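J.: Below you'll find the structure I mean.
Values in this text are rule-based calculations from the coordinates and carry no lab data. These numbers were taken from a predicted model, which means no experiment stands behind them. Reconstructed Cβ throughout: ideal geometry from the backbone, glycine too, with neighbour counts over all protein chains shown.
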Amino acid sequence: MKTLLSVDKLTKKFEHTLAVDDIGFEIGEGRCVALLGPNGAGKTTTIRMLTGLLQPTSGSIQFLGMRQNQDRREWIGYLPQTPAFYGWMTGREFLIFTGQLCGLSAKDSALRGEELLTRVGISSAGKRKISGYSGGMKQRLGLAQALIHRPKLLVLDEPVSALDPIGRREVMSLIAEIKSETTVLFSTHVLHDAEELCDDILIMREGCLAISGPLTSIREANRQSILSLELEGDNYSQQWLAGWLKRVPKDFKIISESSSGARIIVQDLHTARNALLKEIAEYEIRVAKLEVGYTTLEDLFLKVVTAP
Ligand SMILES: Nc1ncnc2c1ncn2[C@@H]1O[C@H](COP(=O)(O)OP(=O)(O)O)[C@@H](O)[C@H]1O
Ligand SMILES: [Mg+2]
C-alpha cells in the first residue's frame with residue numbers, strides 16, 4: 001500500500017492544554033480512515049494541523065510525493081466541524097466562488113460546480129439561496145466545496161454529528177460513495193459511524209493515540225470470549241449467583257452483573273463453560289439463559305475511553 005501521508009511525533013500545546021500529545025500514524029492512498037474519540041480528545045486539533053490551519057508545537061506532517069514548497073492545500077479538501085456559508089449566495093454561486101479561490105478559472109469552476117451539485121444530489125437546489133438549505137443539504141454543499149479542486153485527501157471533521165437522523169443517513173451514504181474515489185480522513189465520536197465507513201481506525205484519548213490500525217485486525221486482536229448468564233428470579237438462584245461471583249477464578253473478568261445475571265470475559269471458554277455448567281447442575285440452579293458471545297469493538301472503545 002502506498003503511503004499518502006505520514007505523521008510523526010505530532011504535538012500541540014495550547015497555553016494550559018496538551019491537546020495533541022506525540023502522535024504518529026500513516027494514511028495509505030485510497031484508504032478511508034476514521035479518527036475516533038470522545039469530545040476533547042484532540043481530533044479537531046489534529047485535523048487543523050494536518051490541513052495547515054494550525055502550527056504544530058512539534059513533530060512532522062509529510063505528504064509523500066509532494067513537491068518542495070508546494071501548497072499543501074492543493075492536495076487537501078477540507079470540511080470543518082462547523083462550516084460557515086454565505087447564506088445570501090446560491091449553492092451554485094458558492095461553488096464557483098470556492099473553485100476560483102482554489103485557482104480554477106470562472107468557467108472551470110462553473111462546470112465543476114455543476115458536476116458536483118449533481119454528484120452530491122442537490123442540483124435542483126443549486127439556484128436557491130443557501131440560507132434556505134437544510135442541515136443535510138448544507139453538509140452536501142460542504143462536501144462539494146471540499147472536492148472542487150480534486151484533492152488527493154478529503155478531510156471531514158465530524159461530518160454527520162450535527163445532523164438529524166435523515167441527514168445523517170444521506171451524508172453517510174454520500175461519503176461511502178466518495179471514499180471509492182479519493183482518500184478520506186474523517187473524525188467522529190460515534191463508533192458506529194467509524195465501523196460503517198472506515199478501513200483504518202485511529203482512536204484518540206486525551207491527546208494520545210490509544211489504538212490504530214486496520215479495523216478488521218483490531219477487531220480480531222481484541223476479540224475475547226464472553227459468557228453471559230441469566231437466571232430465573234428465585235431467591236435461591238440469586239443467592240448462589242452472588243456467592244459464585246465472589247469466588248470465580250482469577251481469569252474471569254466480570255464486565256456487568258445484576259441480582260439475576262452476569263456477563264463475564266473468560267480466557268479459556270471451554271474450561272470456563274464446563275466449570276459453570278457443573279456448578280449449575282450440582283446446585284440445581286434455575287438458568288433462564290446461558291450464552292457464549294464475543295467482545296465487540298464497542299467494548300474495546302468503551303474500555304479505551306473510560307480507562308482511568
Ligand atoms: N484554540 C484553543 N485554545 C486552547 N485550548 C484548545 C484550543 N482548541 C482546542 N483546545 C483544547 O484542546 C483539547 C482538544 O480539543 P479538540 O481538538 O477540539 O478535541 P475534539 O475535536 O476531539 O473534541 C480540548 O481540551 C480543548 O479544550
Ligand atoms: Mg472536534
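J.: Could you tell me the center-to-center distance, by alpha carbons, between region 46-77 and region 148-181 in angstrom?
T.: The two parts, judged by their Cα centres, are 21 Å apart.
J.: Still on this structure, I have one more. Under the Karplus relation 6.51 cos²θ - 1.76 cosθ + 1.60, θ = phi - 60°, what is the ordered set of whole-Hz ³J(HN,Hα) values for region 50-62, x standing for Gly and Pro?
T.: 4, 7, x, 7, 9, 7, x, 6, 7, x, 10, 10, 10
J.: Put a dot 7 Å past each Cα toward the Cβ at Leu111 and Ala162; how far apart are the dots in nm?
T.: 3.3 nm
J.: Ignoring the sites themselves, what is the longest stretch of the chain with no trypsin sites (Lys or Arg not before Pro) in a DSSP loop and at most 11 other beta-carbon atoms within 10 Å? Don't skip to the answer; put the middle values down first.
T.: On the way: sites that count: Lys2, Arg67, Lys127, Arg247, Lys250.
Formally, the longest exposed-site-free interval is 128-246.
J.: Under 19 Å from the Cα of Lys13, which lysines turn up, not counting those fewer than eight places away in the same chain?
T.: Straight-distance partners of Lys13: Lys43.
J.: Mean residue ellipticity at 222 nm from the helices of the chain, using -39,500 (n - 2.57) per DSSP H segment of n ≥ 4 over the full residue count, to the nearest 500 deg cm²/dmol?
T.: Numbers: 10 runs with 111 residues, N = 308.
Dividing the helical sum by the residues of the chain leaves -11000 deg cm²/dmol.
J.: Find how much the distance from Thr118 to Lys2 grows on full extension, using 0.36 nm per residue of separation minus their present alpha carbon separation; answer in nm with one decimal. Working shown, then result.
T.: Working: separation 116, 0.36 × 116 = 41.76 nm, distance 3.08 nm.
Once the chain is fully extended between Thr118 and Lys2, it gains 38.7 nm.
J.: Which residues' amide hydrogens lie under 5 Å from the amide hydrogen of Leu5, considering only partners 5 or more residues apart or on another chain, with H built in the peptide plane?
T.: Distant-sequence amide H within range of Leu5: Ile27, Leu64.
J.: Now, a different point. So for the chain, taking the charge dipole from beta-carbon charges (+1 Lys/Arg, -1 Asp/Glu), which of Tyr294, Gly233, Gly142 sits furthest toward the positive end?
T.: Of the candidates, Gly142 comes out farthest on the positive side.
J.: A follow-up question, please. With charges set only on the Cβ (+1 for Lys and Arg, -1 for Asp and Glu), what does the dipole of region 135-280 come to about its Cα centre, in debye to the nearest 20? Walk me through the numbers before you get to the answer.
T.: Values: 17 positive and 20 negative charges, 49 e Å.
In total the dipole reaches around 240 debye.
J.: What size of dipole, in debye to the nearest 20, comes out for region 222-306 about its Cα centre when the only charges are +1 on Lys and Arg C-beta atoms and -1 on Asp and Glu C-beta atoms? If you can, show how the numbers build up before the last one.
T.: Values: 11 positive and 12 negative charges, 59 e Å.
For region 222-306, the charge dipole is close to 280 debye.
J.: Have a look at Gly126, Leu36, Gly59 and report the one farthest towards the positive end of the charge dipole of region 3-215, computed about the Cα centre with Cβ charges (Lys/Arg +1, Asp/Glu -1).
T.: Gly126
J.: Share of antiparallel DSSP beta bridges in the chain, in percent to the nearest 5?
T.: Numbers: 37 of 55 bridges.
Percent antiparallel among DSSP bridges in the chain is about 65.
J.: Using the number of other C-beta atoms within 10 angstrom as an exposure proxy, rank Ile23, Ile130 with the fewest first. Provide the component values of the computation, followed by the final result.
T.: Working: Ile23 22, Ile130 18.
The fewest-first ordering by Cβ neighbours comes to Ile130, Ile23.
J.: Between Ala221 and His16, what is the label-to-label distance in nm when each label sits 7 Å out along the Cα-to-Cβ direction?
T.: For the pair Ala221/His16, the computed spacing is 3.6 nm.
J.: Rank these for me by crowding, Asp22, Asp164, going from fewest to most other beta carbons within 10 Å.
T.: Values: Asp22 14, Asp164 11.
So the ranking, lowest neighbour count to highest, is Asp164, Asp22.
J.: Pop the C-beta distance of Glu232 and Leu277 into the FRET formula with R0 = 25 Å and round what comes out to the nearest 0.05. Walk me through the numbers before you get to the answer.
T.: Values: r = 16 Å, r/R0 = 0.66.
For R0 = 25 Å, the calculated efficiency reads 0.90.
J.: So how much slack lies between Gln267 and Lys129, counting 0.36 nm per residue of separation and subtracting their Cα-Cα distance, in nm?
T.: Full extension of this stretch gives 43.7 nm more.
J.: Sticking with this structure for a sec: On full extension of the chain, what length is gained from Leu245 through Glu29, given 0.36 nm per residue of separation minus the C-alpha to C-alpha distance?
T.: Numbers: separation 216, 0.36 × 216 = 77.76 nm, distance 4.93 nm.
Difference between extended and current length: 72.8 nm.
J.: Determine the shape class of region 262-308: with a ≥ b ≥ c the square roots of the Cα gyration tensor eigenvalues, call it rounded for a/c under 1.5, and otherwise prolate if a/b is greater than b/c, oblate otherwise.
T.: Details: a/c = 2.95, a/b = 2.45, b/c = 1.21.
Judged from the Cα gyration tensor, region 262-308 comes out prolate (a/c at least 1.5, a/b above b/c).
J.: Two-decimal Rg/Rh of region 3-215 from alpha-carbon positions, Kirkwood Rh? Walk me through the numbers before you get to the answer.
T.: Working: Rg = 16.9 Å, Rh = 17.5 Å.
In region 3-215, Rg relative to Rh is 0.96.
J.: Charges at C-beta only: +1 for Lys and Arg, -1 for Asp and Glu. How large is the resulting dipole of the chain about its Cα centre, in Debye rounded to 20? Present the calculation step by step, with values, prior to reporting the outcome.
T.: Details: 37 positive and 37 negative charges, 199 e Å.
Its charge dipole is roughly 960 debye.
J.: For region 180-308, just run the numbers: alpha carbon Rg, then divide by 2.2 N^0.38 Å, N being how many residues it has. Kindly include the intermediate steps, with their values, before the conclusion.
T.: Working: Rg = 18.6 Å, N = 129, 2.2 N^0.38 = 13.9 Å.
Relative to the rule-of-thumb radius for its length, region 180-308 sits at 1.34.
J.: Treating cross-link reach as a plain straight distance, find the aspartates and glutamates whose alpha-carbon is under 14 Å from the alpha-carbon of Lys107, omitting any fewer than eight places away in the same chain.
T.: Leaving aside aspartates and glutamates fewer than 8 places away in the same chain, those within reach of Lys107 are Glu93, Glu115.
J.: Here is a follow-up. Between Glu177 and Asp199, with labels modelled 7 Å along Cα→Cβ, what's the label distance in nm to one decimal, could you check?
T.: The answer from the label model is 2.1 nm.
J.: Turning to a different aspect of this structure: Counting Lys +1, Arg +1, Asp -1, Glu -1, what net charge surrounds Phe25 among other residues with beta carbon under 10 Å of its beta carbon?
T.: On the way: positive: none; negative: Asp8, Glu26, Asp200.
So the surrounding residues net to -3.
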